[in-house]
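To keep things clear, I will list the structure first and then write my remarks on it.
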Amino acid sequence: MLHAVEKLPLKNDWMAVVFLSILALLVVVKVLYPNRFKSLLACFFSKNYFLDYAHDRQEILGLFHMVLFLIQNMILGLFLYLYSEETGFFLEEKGFHVYFKYVIFATVCIVAQYGFAKGVSLFFRFQRIFETCNYIKSSYLKAGALFYLPVLLCWIYAYPNSQTMFYLALFLGGFLWLIRWILILLFNIQIIKEKLFYFILYICTLEIVPVVLLVKWMV
């Protein structure tokens, strides 16, 4: 004999919509730019992406960059939301509207840092170093965000209340961030040797100081 079973609403169903949106955007990029997308995903293991598409450094408003920039910030917003939900830090409410604020926050921080860095590079006349480092840095960030997407899926759906998964996600995020900077330094070793002062100026004023100010503001 069949018995009626109460159907429970799907928890965090808005997150499923977010993931589906990210996957749909990835399909668009994969269809329109198949070779370039494949090359970007391999940038952690090969320099071919930076060599083949070096002419595209200035095209920050191109469709390829804009769509991946949106995907990247959607993933960053999910990480910030999940981290805040787990720790209770800087999170008074829950829901899509809070997640949307984190996406806007990540977008504003990245755009503001780029604008400030561009201004400083023009003032001190090291535009070439800035353009090269920013292109490589942003490419690694986009690829790293895509690699981190499966980690978020496991965090939300496979092990939603696991402390082990929480610390593993933090470790993997930190590991990708560290690898990204090691590769940036290795890729620009020649520029560093030739323009050491300007490279140190770039790292201190445009990378370290904004992060320190952001952390201090959040605390």
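The values are calculated or read from the model by the stated rules, or taken from the named source; none is laboratory data. None of the values given here were measured: they were computed from a predicted structure. Positions of Cβ are generated from backbone atoms using ideal geometry, with glycine treated the same way; all protein chains shown enter the neighbour counts. Please note that ligands, DNA and RNA were not included when accessible areas were found on the heavy atoms of the full protein model with its side chains. Shrake-Rupley method; radii C 1.70, N 1.55, O 1.52, S 1.80 Å.
Quick notes on this one:
- Its Cα gyration tensor gives the stretch 135-187 an equivalent ellipsoid, and the semi-axes of that ellipsoid, as √(5λ) in whole Å with the largest first, are 25, 11, 5.
- Two-site label geometry, ILE182 and ILE200: point separation in nm, points 7 Å out along Cα→Cβ: 2.4
- Per residue, the accessible area of the stretch 11-167 comes to 54 Å² when a 1.4 Å probe rolls over the protein heavy atoms.
- Length released on extending from LYS38 to LEU170, taking residue separation times 0.36 nm less the Cα-Cα span: 44.9 nm
- From largest to smallest, the equivalent ellipsoid semi-axes obtained for the stretch 85-172 from the alpha-carbon gyration tensor read 33, 17, 10 Å.
- Net lengthening on full extension, GLN190/LEU149 (0.36 nm per residue, minus Cα-Cα): 11.5 nm
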